[in-house]
Amino acid sequence: MSPTSSQEHPPETNSRRIQRAVEYVEDRWFPVNKKLLESIKKGFHEGRYDLDLDFLVEDLKSDLSLFSYCIKELAALHHLENRGDISLANPIELIRWGGTKRLQHILVKEAQQISTHALESISSFQSDRLSETLISASAIEILSENTSVSPELGFSSSVLRNLGLLLISWNYPTIYAQALERLNKDNSLDELLSDALGFSPFLLAVTLLKRWGLPEWWVVFKKVGSSVVDSDTESVLLVLEKLHAIGEALARANNPSTYPSAAEDWSLAKKGIVDALGQNGLVRIQESVQIRCEYYRKALPIVFSEDMELDAEKKIRLLAQEQLHERNPYIRRCSLEVRTKLEQVYKLINREAISSEPIRILTKQVLSYCGFTGCAVYVYDPGLMALVPRMLTGRLEVHKAASIPYAPESERADFISLAFECKTPLIENCRTAMGQEIVYIGLCLGRSQKAGVLYLEIPESVSSQLSSDVLTLSRAIAQTLMDCLHIS
């Protein structure tokens, strides 16, 4: 979503670039929902809006392109009619000023006359952008209740703040898609697009408002240049800025595959929503989103279905599981019980530093649960040219823990040394002096750079009863250990 930090105008040398961009995106705009446009035209013909213009306002709020296009065109008419500066409380008041006659004149056009783009050719990232804006605007509209901010200002300011992102996603699609690919926790979409285009999406939105003669404080939330806002308006803008932070965080949280910050965004959004609206707040926002996307869903039911479900916790959890299974595909083939235990280990892994807790749970609890009776982790010491046991669990029957000289080419090379050299796990079995059949496995730790060996022992009687084969289970455990130790 549009960040709140990029609110400074670029150097004068970039003014020509932003002006060219403004003319370019105004000519092309972003696509109109033809089904809704035809419904509105029919409504004019049938007199649906004659008694109450708010019916038309509600219809326009269901199409972000028509909503913002009408504001642009009405601002132009306001100027042509010499009505003076626009000093209305919010953009929807401008729509009401327009009335049915002016709006019917604006909306007599065909969809392709408003935008050169067609909704039917929408890409996944363009539908995400529409969805995020609808979620954010709907959330802020509901959050504005019982505050000094009018819900109309909350909704419309959110749409206009995101106008730059909407226009860039359709008119600079390659640059927008490349920015999404580079998005991580250390940058923002606004920053990446600003670097690529020479202007930020937020600046594009502000420049458009200035060009149309609309108040900048509708989107900037503070005094800009020579603009003047009274103390009451200034206090409203402070509240509005906080509401936008919550609404935009909610929108990002519902798209975790795009935003690495989704988990943190959800924490912020959830607290803000509960504090403002209570435990039922998210349900109310969901209902509003469903109303706003009704016509989008009619036009493209497959695209605008799951995207509009506000279940950030579920989406974040499913994405984490998907990423886990990509990193450790063997987990998927383990039993449900083992898979659950390994997933719990992954939740404890610290991505920034090695943590002892997940390693302890893996080697002390998970291995025992799976039936392994002995485990040793050997670390390769290049100074000693040996594999040295560092972590021991349980009781080893076949290969006692001891430093092993690394000599893979020797005719008498040890099993541990051979496992370190081998790309695939080694597995053998033998009978102990007590007559027990033991299966023992050696797995090299590390691919790009070998770090050591995981050595496991399990009774054959237990191994034969496993719901998944012992090699798959061993590989799942070895990969989990490598991820705990940050070994690639």
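Among the listed options (i) 61, 23, 20; (ii) 53, 24, 19; (iii) 45, 25, 21, the one matching semi-axes √(5λ) of the Cα gyration tensor in Å as calculated from these coordinates is (i).
Each Lys or Arg adds one and each Asp or Glu subtracts one; over the other residues with Cβ under 12 Å from the Cβ of Ser468, this totals +2. Mean projection of the Cα convex hull over all viewing directions, computed for the range 331-488: 9.4 nm². Cβ crowding within 10 Å ranks Ser194, Ser231, Ser461 as Ser231, Ser461, Ser194, fewest other Cβ atoms first. Quick one: check the C-alpha center-to-center distance for the range 34-87 versus the range 291-322, whole angstrom. After rounding, the separation between the Cα centres reads 28 Å.
With the highest mean first, a sort of the peptides 337-344, 265-272 on other beta-carbon atoms found within 10 angstrom per residue produces 265-272, 337-344.
Positive contributions from Lys and Arg (+1) and negative ones from Asp and Glu (-1), summed over other residues with Cβ under 12 Å from the Cβ of Arg211, come out at -1.
How high is the relative contact order of the range 320-372, in percent, counting Cα pairs under 8 Å that sit 6 or more residues apart? Rounded, it is 28 percent for the range 320-372. Computed from Cα atoms, the angle from the helix 91-106 axis to the main principal axis of the chain rounds to 70 degrees.
Of the residues Arg16, Arg327, Arg284, Arg292, the one with the fewest other Cβ atoms within 10 Å heads the list, and the complete ranking is Arg16, Arg327, Arg284, Arg292.
Using the rule -39500 (n - 2.57) for each DSSP H run of four or more residues, divided by the residues of the chain, the 222 nm mean residue ellipticity is -16500 deg cm²/dmol. For the chain, relative contact order (Cα pairs under 8 Å, six or more residues apart, normalised by length) works out to 13 percent. Per-residue Cβ neighbour counts within 10 Å put Tyr296, Tyr406 in the sequence Tyr406, Tyr296, beginning with the fewest. For the listed peptides 385-398, 237-250, 143-156, a ranking on the average number of other beta carbons within 10 Å per residue, highest first, reads 237-250, 143-156, 385-398.
Distance from the C-alpha centroid of the range 232-269 to that of the range 412-488: 47 Å, rounded to the whole angstrom. The angle separating the long axis of helix 15-28 from the principal Cα axis of greatest extent in the chain is about 80 degrees. Excluding same-chain neighbours fewer than eight residues apart, the lysines reachable from Lys341 by a Cα-Cα span under 17 Å are Lys364.
For the set Lys400/Lys423; Lys61/Lys109; Lys34/Lys315; Lys35/Lys210; Lys34/Lys109, the pairs lying more than 20 angstrom apart at their alpha carbons are Lys400/Lys423; Lys34/Lys315; Lys35/Lys210.
Read-outs: derived from the displayed coordinates by stated rules, not from any lab. Just so we're clear, the structure is a prediction, and the values are computed from it rather than from any experiment. Neighbour counts are summed over all protein chains in view; Cβ atoms, including those assigned to glycine, are modelled from backbone coordinates with ideal geometry.
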